[in-house]
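Have a look at the structure below, then the notes.
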Amino acid sequence: MTLLPVVLIADDDPDILELVSLTLERDGYEVLQARNGEEALRLAAEREPHLAVLDLMMPGIDGCEVTRRIRATENGHRLPILILSAFAEDRQTAVALEAGADAYMKKPFSPRELLAKAGSMILERRPRSRLAEG
Amino acid sequence: MLGMSVFTSARTSAAARPPRLALRFAVYTGIALVVVGVAMLWVLERDVETRAEQRAVAQTQQVAEAVLRRHLRPADFAGRVDGRRRAELDDLFQDIVVGGFVRATLVNRNGRATYSTDPRLIGSQLTSAALGMALDGNAARAEEHIGEMKVLRTAVPVRLAPGGSPIGALSLAQDYSAIDVQITEAFRHTAVVLFLALLALWGSMIPILRRSTAQLHDRNRRLAAQTAELEQALAERRRAEEAVVQLAAIVESSADAIAGTTPEGKILSWNSGAEQLFGYSAQEMIGQQVALLVPADRTHELESVARRVNAGESIEEHQTRGLRKDGTEVDVSLTVSPIRDSRRHVTGTAVIARDITHMKRHQSQLQALLAKERVARADAEAAQRALAEQNERLRELDRLKDEFISLVSHELRTPLTSIRGYLELLLDGGGGELSEDQARFLAVVDRNSKRLMHLVGDLLFLAQVEAGKLMLELGDVDLDDLVAECVEAAKPIADEKGIELTAVLEPTPVMTGDRGRLGQVLDNLVSNALKFTPEGGSVCVRMATRDDEAVVEVEDTGIGISPEEQDQLFERFFRSSEATERAIPGTGLGLTIAKAIVERHGGSIEVESAPGEGTTVRVRLPVRSEKRATAEVAA
């Protein structure tokens, strides 16, 4: 039993997975690492995190699909989801918002920005308003 | 009535026969018979009358000679008879039976009446022609009138002895009507007999008449039929003759050569077309062998054709060559058909030869044209295929470009994310305390990774613009605010370079646009101005409103740009020669991007510059009229 907020991080790129983990852990979060969509879904179901930071482009089940499936579970609607996207076009990223994500952040992003966004999303506990990028 | 009966009988017995002919015949014969009858009656009447009168005379003579001679005395003529004698004579004449006897008178030679049954006449002198003749010795008669009564006076001489001179005359008057009655009766009998005879004659003629009319009718009919046949035959003959004439004319006028030959190949006819085609006249050719018209190397063809046609086969449009009189050859198309007699025996051949020189030439021309056309079509098809392939390649390239954008977007940003992220962690002291050198080196990495990041961002942005995928996030933009922010942000760099950076603002209406993108434009223009302005120079940002547009000017006292290069300023990756020479960093994308964003907002951008003096970049953006701006942006 821990009192630290739990953040689920999913990214197929281990460097970025590590970067996000480091950033959040240093700020006092407990981090759950997932290397793909299946793992992310399993951890989300097992550990009920306070926030999910999902990479959009992952082999197999991508960030959109993970979001859709989480939203389809019983308590899934309560989980704040932040999408990380390497796509240049907003159009591609917007699909993630339609799938049920709360906000997105374009790569490359600043670790400081990520911390700020993660903090506010956990505090607001699934804010419905769309958060603007950095 | 009679005519009618003949008519009706003729009509009923032979309805088909024309009744008019029989009727006419009956009428004509009837009239002829009536005329004959009338003539006969007239002759008969004269005859009967004469006979009756003669009989009356004879009677009177008989009376005079046979009766009176015995009773009359010469004294009776001497003078007026006395009373006694008169009574005796009265008795005598009373007894004379003469039809219609009216009176009798005795006349002496002097013409004086010596006695008369009419006492008033005795003693009177009588003169009449008949009496005169009688006194001359000849019996005579005359028609006279006694009072109202017409009488026939017969005067006969009275002689003492036969042959002696008359001593007087006896005059007897008979009532003429009595004689007339006799005449009329005789006439009537004769007429009836004549009429009956005529009627019988006419009646007996009817069957003959009918038979002959029928025969006539039949003959007429036969004649008519024969005439019709004759006329038909004549017409056919005429038509046949015309057809022959026409055929002959056709054959003669045909442009094709037409010739008739015997089965052995001797030419019997030769039209003008043949004369023209082969150069031989009809006179020259008739009687000649058809082999004369065949080139030596084609003799075998002639033999084969002759054999087939004589066997009853027709040969149509056989293409071969003919030999002209002048020795040249000509391309001909031959049609050869057998000519047969009524027993279907082949008695000759009809040869039609057509000059196909022109056709042959046209054919070869046509084939040449067709060949050319085939080649041209093949070329066109090849070109089309090449074009299609090129199109396909272009589509493929377009697709690859899109893919490349995605790839760049994803594959460049991902490593950049790691580089930038970890660098930030290091600089934030996440990897422990940094030495001075370490911090300096990492600052270089940081600056260059930022350049790389901006370059990637600019490239992707341009790719989006060119693909027509640039989306604006429209909202209210306060340009004054934006310009002030931009100048504020650039202040540290300007200060660092010793450049005076100023902003001249003027309240401007809010416009509709993408605040982030417009800010990007201003940042770019200001940083360019600072980049190309040497130390001690100045950069001024002016903001003004004219009519419906806001004008933002960024003026510097920099190195400027030559007029030749000004035109290329907004081209991708263009870098001025000055910039390259002085090693001023840049990608050559900034103005291209600025122009794209401004134009997407419905505005325009222009440059004024003099080398060595400075440059002014002027941006015009629509304001105030929100609707117009929205419409233009949406477009």
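Does B:S204 meet the test of being in contact with a strand residue (DSSP E or B) (Cβ under 8 Å, 6 or more places away or on another chain) and either surrounded by 15 or more Cβ atoms within 10 Å (Cβ to Cβ) or of a type in the set (G, A, S) (or both)?
no
Condition check ((1) over 24 Å from B:I405 (Cα atoms); (2) free of Cβ contacts under 8 Å to residues at least 60 places away in the same chain; (3) away from chain B (no Cβ under 14 Å)) across all residues:
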position	(1), (2), (3)
A:T67	yes, yes, yes
A:T73	yes, yes, yes
A:G76	yes, yes, yes
A:I81	yes, yes, yes
A:L84	no, no, no
A:F87	no, yes, no
A:Q92	no, yes, no
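Do the conditions hold for B:V526, that is, is it in a strand (DSSP E or B), in contact with a strand residue (DSSP E or B) (Cβ under 7 Å, 6 or more places away or on another chain), modelled with pLDDT of 90 or more and β-branched (V, I, T)?
no
Any idea which of (1) touching a residue at least 24 places away in the same chain (Cβ under 8 Å); (2) of a type in the set (A, V, I, L, M); (3) over 30 Å from A:E25 (Cβ atoms); (4) within 14 Å of chain A (Cβ to nearest Cβ) is the one B:L416 doesn't satisfy?
Unmet condition: (3).
Any residue at all in segment B:391-398 that's part of a helix (DSSP H, G or I), among the acidic types (D, E) and within 13 Å of another protein chain (Cβ to nearest Cβ)?
no
Can you tell me which residue in segment B:597-611 is surrounded by the most Cβ atoms within 10 Å (Cβ to Cβ), limited to those that are outside any helix (DSSP H, G or I) and of a type in the set (V, I, T)?
The extreme case among them is B:I605.
Just checking, which of B:E252, B:E284 is part of a helix (DSSP H, G or I), surrounded by fewer than 16 Cβ atoms within 10 Å (Cβ to Cβ) and touching a helix residue (DSSP H, G or I) at 6+ places or on another chain (Cβ under 7 Å)?
B:E252
Residues are listed down the side, and each one gets a yes or a no for (1) in a strand (DSSP E or B); (2) over 28 Å from B:I258 (Cβ atoms); (3) not assigned by TED's automatic domain parsing to the domain that holds B:E264; (4) not polar (S, T, N, Q):
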site: B:E316; (1), (2), (3), (4): yes, no, no, yes
site: B:V330; (1), (2), (3), (4): yes, no, no, yes
site: B:S342; (1), (2), (3), (4): no, no, no, no
site: B:T347; (1), (2), (3), (4): yes, no, no, no
site: B:L369; (1), (2), (3), (4): no, yes, yes, yes
site: B:R377; (1), (2), (3), (4): no, yes, yes, yes
site: B:A380; (1), (2), (3), (4): no, yes, yes, yes
site: B:Q384; (1), (2), (3), (4): no, yes, yes, no
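For segment A:77-91, give me each residue that is out of contact with any Asp or Glu (no Cβ under 6 Å at 6 or more places or on another chain) and either buried (at least 18 other Cβ atoms within 10 Å of the Cβ) or within 19 Å of A:S120 (Cα to Cα) (or both).
Within segment A:77-91, A:H77, A:R78, A:L79, A:L82, A:I83, A:S85, A:A86, A:F87, A:A88, A:E89 meet the criteria.
Let's see how each residue does on (1) more than 23 Å from B:P585 (Cβ to Cβ); (2) part of a loop (DSSP other than H, G, I, E, B); (3) among the aliphatic types (A, V, I, L, M):
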position: B:G536; (1), (2), (3): no, yes, no
position: B:C540; (1), (2), (3): yes, no, no
position: B:A544; (1), (2), (3): yes, no, yes
position: B:F570; (1), (2), (3): no, yes, no
position: B:F573; (1), (2), (3): no, yes, no
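Taking the residues in segment A:15-38 that are more than 23 Å from A:S120 (Cβ to Cβ) and in a helix (DSSP H, G or I) as candidates, determine which candidate is nearest to the other protein chains (Cβ to nearest Cβ).
Once the filter is applied, the top-ranked residue is A:D15.
Kindly evaluate B:D180 against the criterion of being surrounded by 12 or more Cβ atoms within 10 Å (Cβ to Cβ) and either under 60 Å from the mean Cα position of the chain (by Cα) or without any contact (Cβ under 8 Å) to a residue 24 or more places away in the chain (or both).
Taking the combined requirement at face value, the residue satisfies it.
All but one of (1) under 23 Å from B:M543 (Cβ atoms); (2) buried (at least 17 other Cβ atoms within 10 Å of the Cβ); (3) not aliphatic (A, V, I, L, M) hold for B:Q464; state the number of the condition that does not hold.
Condition (1) is where B:Q464 drops out.
What are the pairs, 6+ residues apart or on separate chains, where a residue within segment B:439-451 that is at negative phi has its Cβ under 8 Å from a residue that is surrounded by fewer than 12 Cβ atoms within 10 Å (Cβ to Cβ) and at pLDDT below 90?
Note: pairs meeting the criteria are B:R451/B:P585.
With the requirement that a residue be more than 14 Å from chain A (Cβ to nearest Cβ), surrounded by 14 or more Cβ atoms within 10 Å (Cβ to Cβ) and either free of Cβ contacts under 8 Å to residues at least 12 places away in the same chain or acidic (D, E) (or both), what does segment B:469-480 give you?
Those that are more than 14 Å from chain A (Cβ to nearest Cβ), surrounded by 14 or more Cβ atoms within 10 Å (Cβ to Cβ) and either free of Cβ contacts under 8 Å to residues at least 12 places away in the same chain or acidic (D, E) (or both): B:D478, B:D480.
Just checking, does segment A:47-60 include any residue being part of a helix (DSSP H, G or I) and in contact (Cβ under 8 Å) with a residue 24 or more places away in the chain?
Yes, there is a match, as at least one residue in segment A:47-60 is part of a helix (DSSP H, G or I) and in contact (Cβ under 8 Å) with a residue 24 or more places away in the chain.
The values are calculated or read from the model by the stated rules, or taken from the named source; none is laboratory data. Keep in mind it's a predicted model, so treat the numbers as computed, not measured. Note: ideal-geometry Cβ built from the backbone for every residue, glycine included; neighbour counts use all protein chains shown.
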